[in-house]
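Scroll down for the structure; my scribbles are underneath it.
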Amino acid sequence: MTGRVVKLLSGVYSVETPSGSYLCRAKGSFRVQGVSPVPGDMVEITAFPDRSGRIEQILPRTNRLIRPNVANVDVLCYVSSVSHPAPFPFTIDKMLVIAQAQGITPILVFNKVDLPDPDGAGALAALYARIGCRVYCVSAASGEGIDRLREDLAGKIVVFAGNSGVGKSSLLNAMYPALSLATGEISEKLGRGRHTTRHIELFHAGGALIGDTPGFGALELDGYSIKRTDLAGYFPEFQPFLSECPYSDCAHLDEQDCAVRKAAAEGHIAPSRYESYRQIYQILKEDESPWSKKQKN
Ligand SMILES: Nc1nc2c(ncn2[C@@H]2O[C@H](COP(=O)(O)OP(=O)(O)OP(=O)(O)O)[C@@H](O)[C@H]2O)c(=O)[nH]1
Ligand SMILES: [Mg+2]
Ligand SMILES: [Zn+2]
């Protein structure tokens, strides 16, 4: 029988099938092969009369994220907050690269617009809207903007991701009150969340299949096999300048007369975006190196 993994908790997978839900274990040989099912996976199971089951096979994935650890999603809603915690452009840029490389539609959500904006979150949101991202400025607390976001997500498989405390679970509760997910306080001392959500779970809500996920601090690029030569292609605002570069193999770093670097210097490309490009390029270069510690055989 075929079904979809909607939850993983302590080695037990909840699998939804046309004939109901089954609580499954993964067959032992997955571990030997070094693979394991993740939420979002379509799987083949053997179902038992007591509604337990065994996952026998993972069907081919259309995409896979490592953090959050999910597969087969249409949309990645990356949630930042105006403050507590402040938005972090480098993480947003890394996430945009990963989503595009995996063929997932990214949506940027800036939550807590009811709070004062000391770090320029509004300007950041405007920057991403200008380069063609889908951006929503919302407040789980006041309800501002959440109807439009909910309409945009209908019919899709969506995961909410972002740092602890940005309000992922609060937003989902505001959009879909029936969910009543647990939410946490912001640590006054550290200005960030307390990792309230501990596992990934996909819910049917508003015509979508929506996943709440645990918050994370860092977002790593390794594991996605992103080529540094493809990187500029994931920065939409670089596109008009790429053909003007005098070198067809330009890395757009320190090459003389590089049209991208010039556009950044002249303010046609935002400094934070160009800086993210440079940093991500270096990370990918180190990962590709044969001496990379991260290199797997
Ligand atoms: N002022 C304000 N506070 C909010 C808003 N949304 C969430 N919060 C607060 O932010 C804190 C964290 O919210 P959560 O929903 O638990 O955040 P999370 O992103 O799910 O965090 P983790 O589960 O730890 O990853 C709570 O104290 C919420 O009340 C908002 O729109 N405005
Ligand atoms: Mg949460
Ligand atoms: Zn160049």
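Just so you know, all these numbers are worked out from the coordinates, no wet-lab data involved. Nothing here was measured: the structure is a model prediction, and the numbers come from that model. FYI the Cβ positions are ideal-geometry reconstructions off the backbone, even for glycines, and counts take in every protein chain you see.
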Does the range 233-244 contain any residue that is surrounded by 14 or more Cβ atoms within 10 Å (Cβ to Cβ), part of a loop (DSSP other than H, G, I, E, B) and either away from ligand 3 (no atom under 12 Å from the Cβ) or of a type in the set (Phe, Trp, Tyr) (or both)?
-> yes
When you go through (1) in contact (Cβ under 8 Å) with a residue 40 or more places away in the chain; (2) surrounded by 15 or more Cβ atoms within 10 Å (Cβ to Cβ) one by one for Asp41, which number turns out not to apply?
-> (1)
Taking Leu242 as the residue in question, decide whether it is in contact (Cβ under 8 Å) with a residue 40 or more places away in the chain, away from ligand 2 (no atom under 16 Å from the Cβ) and among the aliphatic types (A, V, I, L, M).
-> no
Answer residue from the range 102-133, given it is more than 10 Å from the chain's Cα centre (by Cα), β-branched (Val, Ile, Thr) and surrounded by 18 or more Cβ atoms within 10 Å (Cβ to Cβ) and is farthest from Thr62 (Cα to Cα) among those = Val113
Considering (1) without any contact (Cβ under 8 Å) to a residue 40 or more places away in the chain; (2) over 19 Å from Ile92 (Cα atoms); (3) not basic (Lys, Arg), say which one Pro118 fails and leave the rest.
-> (2)
Unique match (being of a type in the set (A, V, I, L, M) and either in contact with a helix residue (DSSP H, G or I) (Cβ under 8 Å, 6 or more places away or on another chain) or within 23 Å of Gly215 (Cα to Cα) (or both)) among Leu59, Leu8 | Leu8
Across the range 71-93, which residue is nearest to Gly122 (Cα to Cα) among those that are assigned to a loop (DSSP other than H, G, I, E, B) and touching a helix residue (DSSP H, G or I) at 6+ places or on another chain (Cβ under 8 Å)?
-> Val82
Residue check for Arg194: within 12 Å of ligand 2 (Cβ to nearest atom) and either β-branched (Val, Ile, Thr) or at negative phi (or both) | yes
Pairs where the first residue, in the range 246-261, is aromatic (Phe, Trp, Tyr) and the second is near ligand 3 (Cβ under 8 Å from one of its atoms), C-beta under 7 Å, 6+ apart = Tyr247/Glu255
Collect the residues in the range 21-39 that are touching a Lys or Arg at 6+ places or on another chain (Cβ under 7 Å), in a strand (DSSP E or B) and not hydroxyl-bearing (Ser, Thr, Tyr), keeping them in residue-number order.
-> Leu23, Cys24, Arg25
Restrict the check to the range 89-101 and report whether at least one residue is charged (D, E, K, R) and loosely packed, with under 14 Cβ neighbours inside 10 Å.
-> no
Counted residues, the range 167-201 - those being near ligand 1 (Cβ under 7 Å from one of its atoms) and within 17 Å of the chain's Cα centre (by Cα) | 6
Taking the range 280-292 and the residues there that are surrounded by fewer than 14 Cβ atoms within 10 Å (Cβ to Cβ) and touching a helix residue (DSSP H, G or I) at 6+ places or on another chain (Cβ under 9 Å), the one that is farthest from Pro87 (Cα to Cα) would be Ser292
